[in-house]
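The numbers here are math on the coordinates, done by the rules we state, and not lab data. Note that the coordinates shown come from a computational prediction; the quantities given were computed from them, not determined experimentally. Cβ placement follows ideal geometry from the backbone for every residue including glycine, while neighbour counts extend to all protein chains displayed.
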Amino acid sequence: MKKYIAALALLAVSYQSFSQDVNKLIKQDEVEKVIKTLSADDMEGRATFTPGIEKAAQYIESQYKEAGLVPLTGNTGYRQNFTKTRIIAGETTVSINGKALPKDSAFTFTSAPAVSWSTNNDVQIVKLSSGKNFRTEYRSYAKSGKKMLIFVDPSFATTFEGLRDRLKNGVIADKMNNDQQLVFVLGNHDDVKSFEVTYTGKIVVSPLFNIVGMIPGKTKPEESIVFSGHYDHLGILKPVKGDSIANGADDDASGTTAVITLAKYYKKLNSNARTLIFVAFTAEEIGEFGSQYFATTVDPDKVVAMFNIEMIGKASKFGENSAFITGFERSDFGTILQKNLEGTAFKFYPDPYPQQNLFYRSDNASLAAVGVPAHTISTDQIDIDELYHTVGDEFSTLDVANITSTIRAIALSSRGIVAGTDTPKRVPKLDKSAQ
């Protein structure tokens, strides 16, 4: 019994020491400085394919360099470069029953370079009524592979305008079927006898880049752990009270800040058994293209776990000192994290929003698709978050103390996996039909 008590005492001392290291090395003022920079107006909302995301990339690179990370094996720098073919949207013109509609009342979603319709049976007329879920219906249209003329109820005007403005930066062509042509029109048109639609897009090949750095493992360098967040957001939107910049402070400057902070933390400890890879993904908001590309550049069988961090800027529905893990039931990743937090005030919970399908809506899905125990850690109350994907997602709305405590909790809970003593079970490959 004395030996047992002594062992517990030693464990407690060791744990307390580790906790003190976390509090000492992960400082709130430093967290605040990073997230303020990433969500500042001069980043212009960090939309993919814009000068704003280039500026954000340069800043993240400077932080990796300051931390002392090395490039991913095979890269000469922190940028993981790739390209995508995209269609830059041109103007959509629509006439209903011979009457031309206002230009801003229609947009086209397609990877085809041009659309030209006259009244015919090949085009399905659809009405998106006010009682339906816009996101759910939109996804079903995007998977249909059909030509659709979709009339959107005016109650969805804000969502319609936001999507129209986002598509102005282009649509990734290899994500879609060229035969699929979706034309959205804002307004109810009950008696459609004839219609005319024209649209022309411009095909360009555009550069994309994840920002990736790593700390090689000391004793198990062939095994790796990924810490990630996406650094892109929505860019410039329709002005609301004079503000048009979607700063993306919570989504996902908060997660990117966590990645940078954890990189600095683990580099200072410099005791990781496994190789640690820190990734700021691009193009999450337009289809998770950054993480999809990254997944093709690593051996998934050697990636032990992925900590994807998304929207940790405010207290969760469980209160302070808490976060949730998407896909909790898919592996024992969450159970391991919970175990390593025993004795602290912080707790991890299973995702309380299963109806939101969050596991499939962030970059963890790209690695889960190939069997990696890849999960997203978040605190966002997504069901009531009125600032999500709006110009209101600014630094001033964040709780930096909450962000800091969550980053510290991730550091504490990941220590067994980082040290090589905990290994989450592999997950079933992702069922993409559920997305």
Exercise. Mind telling me which of 45, 229, 420 comes out most flexible in a GNM of the chain, alpha-carbon contacts under 10 Å?
Key: 420
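How many percent of Cα pairs in the stretch 90-200 exceed 21 Å?
29
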Quiz item: Given 99/127; 339/429; 264/339, which pairs have Cα atoms separated by over 21 Å?
Solution: 339/429; 264/339
Quiz item: For the chain, with only Lys/Arg (+1) and Asp/Glu (-1) charged at the beta-carbon, what is the dipole magnitude about the Cα centre, in debye rounded to 20?
Solution: 1080
Self-check item: FRET efficiency for residue 66 and residue 168, using Cβ-Cβ distance with R0 set to 51 Å, rounded to 0.05
Solution: 0.90
Quiz item: Quick one: length gained pulling residue 238 to residue 24 fully straight, 0.36 nm per residue minus the C-alpha distance?
Solution: 72.8 nm
Practice problem: Taking 7 Å along the Cα-to-C-beta vector as the label spot, tell me the residue 157-residue 100 distance in nanometres, rounded to one decimal. | Solution: 2.3
Quiz item: What spacing in nm lies between the two simple spin-label points modelled at residue 296 and residue 120, each 7 Å away from Cα in the Cβ direction?
Solution: 3.4
Quiz item: If you take the square roots of the eigenvalues of the alpha-carbon gyration tensor of the stretch 268-342 and sort them as a ≥ b ≥ c, do you get rounded (a/c under 1.5), prolate (a/b over b/c) or oblate?
Solution: oblate
Quiz item: In nm, what is the difference between 0.36 nm times the number of residues separating residue 397 and residue 381 and their Cα-Cα distance?
Solution: 4.4 nm
Exercise. Express as a percent, rounded to the nearest 5, the fraction of DSSP beta bridges in the stretch 90-200 (both residues included) that run antiparallel.
Key: 60
Self-check item: Residue list for the stretch 82-114, given a label point 7 angstrom along the Cα-to-Cβ vector of residue 202 and an amide N cut-off under 14 Å
Solution: 86-91
Quiz prompt | Rounded to 5, percent antiparallel among DSSP beta bridges of the chain | solution = 55
Quiz item: Equivalent-ellipsoid semi-axes (√(5λ), Cα gyration tensor) for the chain, whole Å, largest first?
Solution: 43, 21, 20
Quiz item: Which one of 124, 187, 170 has its Cα pushed farthest toward the positive end of the charge dipole of the stretch 90-200, where Lys and Arg give +1 and Asp and Glu give -1 at the Cβ?
Solution: 170
Quiz item: Which of the peptides 278-285, 215-222 is most tightly packed, and how do the rest follow, going by the mean number of other Cβ atoms within 10 Å of each residue?
Solution: 278-285, 215-222
